[in-house]
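Visitor: Structure below; questions to follow.
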Amino acid sequence: MKNKSAELDNERLEIKLLLEAIYLKYGFDFRDYSSAHTKRRLENRLGLSGLEHYGQMQHRLIHDEAFFNELLLDLSINVTEMFRDPWFYKKIREEVIPHLQTYPFIRAWHAGCSAGQEVYSMCIVLEEEGMKNRTQIYATDFNELILQKARSGIYPIDVIRDYTANYQQAGGKKSFSDYYSAHYDHVIINQELKDKVLFSSHNLVTDGVFGEMNIIFCRNVLIYFNKDLQNKVLKLFHDTLCPGGFLCLGSKESLKFTNLVDEYEVVAEREKIYRKKRRP
Ligand SMILES: C[S@@+](CC[C@H](N)C(=O)[O-])C[C@H]1O[C@@H](n2cnc3c(N)ncnc32)[C@H](O)[C@@H]1O
């Protein structure tokens, strides 16, 4: 009879092969995502699919692209909201905007923007602080389906009550309803808010530097990566940020214990806002 640890080793091997197959067949590289996260998501899909083991799953995803697309959604986790962690946006208004206002023009990058809520939240902040017309915003994600949602700026009406509360707690200066129009069961973000945003596909694991930025938002993405991959992506951000540029991470993420901790000043630890040091 096989012992438990041999079974576990086999399972680990099967998952490794499955991730390798995804990479070779579709070019999406999940090999350095956190193994606990990957295992949880794969286990869930295995249960739903009626397949018996990861070997079968590997065969299915190689031959069935629709199945792979479902798995891609599982692995990418698109949970987001407008003005998520309202205190973060408040801090941005208080501590970051005054610095950005000293530049004639700024470039901002939302990496892992999901369905666009974080991007439109920042557009509102920039608009209210008189900065929107001097900002170019790049918003990227590796998931084309979720980018289509982001471009449309269409959200279900039943989340608006929460978004409105977040907006107010984040120091919103107007009425949140000024920024969308309501249509039966959904709302559409106003076109003027979208004017300065370019949504495009970019994979943080396999794609390169993205131009020179004054501020980068990468919130609630690194949490799914292992330490090596976090360091690799943080290096990409460091190469992309201009000196004095800002890096904003998610509430459960931090620069502490990463290779680049000494390269940044902490602007706000709870809000995970950092500033790249100017080196002589
Ligand atoms: C949990 S959402 C975070 C959305 C938003 N930043 C926020 O904090 O509300 C994580 C997003 O990261 C994207 N993502 C995951 N891995 C990625 C990668 N390698 N390259 C680009 N985007 C990635 C996912 O598709 C997903 O939309």
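The values are calculated or read from the model by the stated rules, or taken from the named source; none is laboratory data. Fair warning: this is a prediction, and the values are worked out from it, not measured in the lab. Ideal geometry is used to build each Cβ from the backbone, glycine not excepted, and the neighbour counts take in all protein chains shown.
Visitor: Name every residue in the stretch 168-189 that is in contact with a strand residue (DSSP E or B) (Cβ under 6 Å, 6 or more places away or on another chain) and either outside the structural domain of CYS123 (by TED's automatic domain parsing) or within 26 Å of GLU129 (Cβ to Cβ) (or both), in order of residue number.
Guide: Residues satisfying the conditions are TYR180, SER181, VAL187, ILE188, ILE189.
Visitor: Checking the conditions here, which among VAL79, VAL119 is within 14 Å of the ligand (Cβ to nearest atom), surrounded by fewer than 16 Cβ atoms within 10 Å (Cβ to Cβ) and touching a residue at least 40 places away in the same chain (Cβ under 8 Å)? Even if it seems obvious, please write down each step before you answer.
Guide: Values: VAL119 fails: surrounded by fewer than 16 Cβ atoms within 10 Å (Cβ to Cβ).
Of VAL79, VAL119, the one residue that is within 14 Å of the ligand (Cβ to nearest atom), surrounded by fewer than 16 Cβ atoms within 10 Å (Cβ to Cβ) and touching a residue at least 40 places away in the same chain (Cβ under 8 Å) is VAL79.
Visitor: Go through the stretch 253-265 and report how many residues are touching a Leu at 6+ places or on another chain (Cβ under 9 Å) and among the charged types (D, E, K, R).
Guide: Number of matching residues: 2.
Visitor: Something else now. Quick check: is even one residue across the stretch 251-262 under 21 Å from ASP29 (Cβ atoms) and in a helix (DSSP H, G or I)?
Guide: No - not one qualifying residue is present in the stretch 251-262.
Visitor: Here is a further query. So, in the stretch 126-156, exactly how many residues are within 13 Å of the ligand (Cβ to nearest atom) and assigned to a helix (DSSP H, G or I)?
Guide: 7
Visitor: Determine if the stretch 95-115 includes at least one residue that is of a type outside the set (A, V, I, L, M), touching a Gly at 6+ places or on another chain (Cβ under 7 Å), touching a residue at least 60 places away in the same chain (Cβ under 8 Å) and surrounded by 13 or more Cβ atoms within 10 Å (Cβ to Cβ).
Guide: Yes, that holds for at least one residue.
Visitor: Quick check on my filter: what residues within the stretch 96-114 are of a type in the set (A, V, I, L, M, F, W, C), part of a strand (DSSP E or B) and more than 16 Å from the ligand (Cβ to nearest atom)?
Guide: ILE106, the sole residue that qualifies.
Visitor: Right, something else. Taking into account only those residues within the stretch 197-236 that are buried (at least 19 other Cβ atoms within 10 Å of the Cβ) and more than 16 Å from the chain's Cα centre (by Cα), which is farthest from the ligand (Cβ to nearest atom)?
Guide: ASN214
Visitor: Of everything in the stretch 57-76, what is crowded, with 19+ Cβ neighbours inside 10 Å and of a type in the set (S, T, N, Q)? Give them in sequence order.
Guide: Selection gives GLN58, SER76.
Visitor: Can you run down the residue pairs with Cβ atoms below 7 Å, 6 or more apart or on separate chains, where the first is in the stretch 9-31 and outside the structural domain of HIS202 (by TED's automatic domain parsing) and within 16 Å of the ligand (Cβ to nearest atom) and the partner is assigned to a loop (DSSP other than H, G, I, E, B) and of a type in the set (A, V, I, L, M)?
Guide: Correct list of pairs: ASP29/VAL205.
Visitor: Run LYS256 past the list (1) loosely packed, with under 14 Cβ neighbours inside 10 Å; (2) in contact (Cβ under 8 Å) with a residue 40 or more places away in the chain; (3) more than 16 Å from the ligand (Cβ to nearest atom) and report the number of the one that doesn't hold.
Guide: (2)
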